[in-house]
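Engineer: Before anything else, here's the structure in question.
The values are calculated or read from the model by the stated rules, or taken from the named source; none is laboratory data. Keep in mind that this is a model prediction, so the values were computed, not measured. In this analysis, Cβ positions are derived from the backbone assuming ideal geometry, glycine residues included, and neighbour counts consider all displayed protein chains.
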Amino acid sequence: MTCANTSAFLRAAIRPALLVAAWLASASGANAGLIGNQVRWSFGAGTVDTIAFDRGTRVASAAAQEFQPQALNDFAVDLGGSVIRMDYIGVFAPTQFLGGDFQGFGFTDTNGTIPDISGVQLSASTNVAGLDATRVTFDANGIYINLDGLTVNFTNVIEVEVQFAGADPDAFLGQEVRWTYDVGTPGTVAIDRGTRVASTVPQEFRPQPLNDFVVDLADDFIRIDYFGVFAPTQFLGGGFQGFVFSDANGTVPDIIGASLDPLTNVAGLDAGRLGFDANHVYLNLDGLTWNFRDLARVDLQFAAQVPDASPLALAAIGYGVVGLARLRARRR
């Protein structure tokens, strides 16, 4: 066999293994959502494509409120991993949107680097009167919020949860999640708060004493709100002292990413206090104080549910080995 024929045979022999390896790499990649990507914010009037004001672009990050208000009556915008939140900071007057057809905001992928958007929904935090699911639309690269005919008042919030292609958007829903309070090390349970089935109903875990927490298990995040009306709560134990959320039955897809959403406002709570593995989320609160209406939100990424590719990979490698063996036999 000539050198050229040998090279061609080798390429043919190992090609299946290379193809499967590439497929495995693409199937197992984490979905980063908005984080690290540039997002454009615009105000449209008439249609979603008719831009009246371009508010520019920002890189979505863990920092709060990438878009700061520019006028007395304006919005502050947070770009989370899979959430866009708008807070109205109009202290002196409400803002009315009266333009006919479409009048509202658009958020678009500036550089074409964000995974395709596959779904959007208004979160339970949204409190603008008249703003419902029919007013939020999307395509692969943009999200559009139609506020025509609506009035936005001080402290009103618009929060849109975003789903991306390649992620499991409903990983938590219908699954049983356990909440424990651990002290010393994760796994050393001091108080077991039991399990709840994650659903679209907010706040599966309700507060028990006067100073307690409310926990909402959404499709891809955990939100903890403190309702200690009469006093703050301090966590002083040394080492690890905090909350652990775990897969009660081993049925939740593997967790492949966890990050603190910009909505988190507990002083001192940063990314270094958040940990996770395939089945747990750990939040270390040691040394921190929670005050009334403090909240922590953990955005989660789950492994996409793909067929087990191990047999395919083994078969491809086997074909390559057999091919090489035949080549050596011929050369003898």
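Engineer: Going through Ile145, Ile158 one at a time, which residue ends up being more than 28 Å from Phe245 (Cβ to Cβ), in the same structural domain as Pro69 (by TED's automatic domain parsing) and under 22 Å from the mean Cα position of the chain (by Cα)?
Structural biologist: Values: Ile158 fails: more than 28 Å from Phe245 (Cβ to Cβ).
On inspection, the qualifying residue turns out to be Ile145.
Engineer: Being under 25 Å from Gln38 (Cα atoms) and not in a strand (DSSP E or B) is the filter here, so list the residues in segment 74-102 that pass it.
Structural biologist: Of segment 74-102, the ones under 25 Å from Gln38 (Cα atoms) are 74-89, 102.
The answer is Asp74, Gly80, Gly81, Ser82, Ile89.
Engineer: Which residues, taken from segment 228-247, are hydrophobic (A, V, I, L, M, F, W, C), under 16 Å from Tyr181 (Cβ atoms) and assigned to a loop (DSSP other than H, G, I, E, B)?
Structural biologist: Phe235, Leu236
Engineer: Do we have any residue at all in segment 71-89 that's at positive phi, at pLDDT below 85 and either in the same structural domain as Asp219 (by TED's automatic domain parsing) or more than 23 Å from the chain's Cα centre (by Cα) (or both)? Outline the logic, then answer.
Structural biologist: Taking segment 71-89 first, the residues at positive phi are none.
No.
Engineer: Now, a different point. Grab the strands (runs of 3 or more DSSP E) fully contained in segment 111-217, keeping just those with 3 or more residues being among the aliphatic types (A, V, I, L, M).
Structural biologist: Working: elements: 117-122, 136-139, 142-146, 157-164, 176-184, 189-197, 213-217.
Filter on segment 111-217 gives 117-122, 157-164, 189-197, 213-217.
Engineer: Moving on. What's the total number of residues in segment 203-241 that are at pLDDT 85 or above, aromatic (Phe, Trp, Tyr) and either farther than 18 Å from Ala171 by Cβ or surrounded by fewer than 16 Cβ atoms within 10 Å (Cβ to Cβ) (or both)?
Structural biologist: Final tally of qualifying residues: 4.
Here's the yes/no breakdown for (1) surrounded by fewer than 16 Cβ atoms within 10 Å (Cβ to Cβ); (2) acidic (Asp, Glu); (3) within 18 Å of Ala296 (Cβ to Cβ):
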site: Ala165; (1), (2), (3): yes, no, no
site: Ile191; (1), (2), (3): yes, no, yes
site: Asp247; (1), (2), (3): no, yes, no
site: Thr251; (1), (2), (3): yes, no, no
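Engineer: Hey, does segment 249-267 have a residue that's among the charged types (D, E, K, R), out of contact with any Cys (no Cβ under 9 Å at 6 or more places or on another chain) and under 22 Å from Leu79 (Cβ atoms)? Even if it seems obvious, please write down each step before you answer.
Structural biologist: Of all residues in segment 249-267, those among the charged types (D, E, K, R) come to 254, 261.
Within this subset, residues satisfying the condition of being out of contact with any Cys (no Cβ under 9 Å at 6 or more places or on another chain) are 254, 261.
Next cut, under 22 Å from Leu79 (Cβ atoms) only: 261.
Looking through segment 249-267, at least one residue is among the charged types (D, E, K, R), out of contact with any Cys (no Cβ under 9 Å at 6 or more places or on another chain) and under 22 Å from Leu79 (Cβ atoms).
Engineer: If you don't mind, another one. I'm checking my understanding of the structure. Among residues of segment 215-252 that are of a type in the set (S, T, N, Q), in contact (Cβ under 8 Å) with a residue 60 or more places away in the chain and out of contact with any Asp or Glu (no Cβ under 6 Å at 6 or more places or on another chain), which one is nearest to Phe292 (Cα to Cα)?
Structural biologist: Here the answer is Ser246.
Engineer: Next question. Could we say that Gly242 is closer than 18 Å to Val189 by Cα and in contact with a Lys or Arg (Cβ under 8 Å, 6 or more places away or on another chain) here?
Structural biologist: Yes, satisfied.
Engineer: All but one of (1) part of a loop (DSSP other than H, G, I, E, B); (2) at pLDDT 85 or above hold for Ser42; state the number of the condition that does not hold.
Structural biologist: Condition not satisfied by Ser42: (1).
Engineer: Tell me the residue from Phe172, Phe138 that is without any contact (Cβ under 8 Å) to a residue 40 or more places away in the chain and under 18 Å from the mean Cα position of the chain (by Cα), please.
Structural biologist: On the way: Phe172 fails: without any contact (Cβ under 8 Å) to a residue 40 or more places away in the chain.
So the residue among Phe172, Phe138 that is without any contact (Cβ under 8 Å) to a residue 40 or more places away in the chain and under 18 Å from the mean Cα position of the chain (by Cα) is Phe138.
Engineer: Give me the residue from segment 102-114 that is farther than 17 Å from Phe53 by Cα and touching a strand residue (DSSP E or B) at 6+ places or on another chain (Cβ under 8 Å) and, out of that set, surrounded by the most Cβ atoms within 10 Å (Cβ to Cβ). Can you show your working first?
Structural biologist: Here is the first cut: in segment 102-114, the ones farther than 17 Å from Phe53 by Cα are 111-114.
Applying the additional criterion that residues be touching a strand residue (DSSP E or B) at 6+ places or on another chain (Cβ under 8 Å) yields 111, 113-114.
Numbers: Asn111: 10, Thr113: 10, Ile114: 23.
Per the stated criteria, the residue is Ile114.
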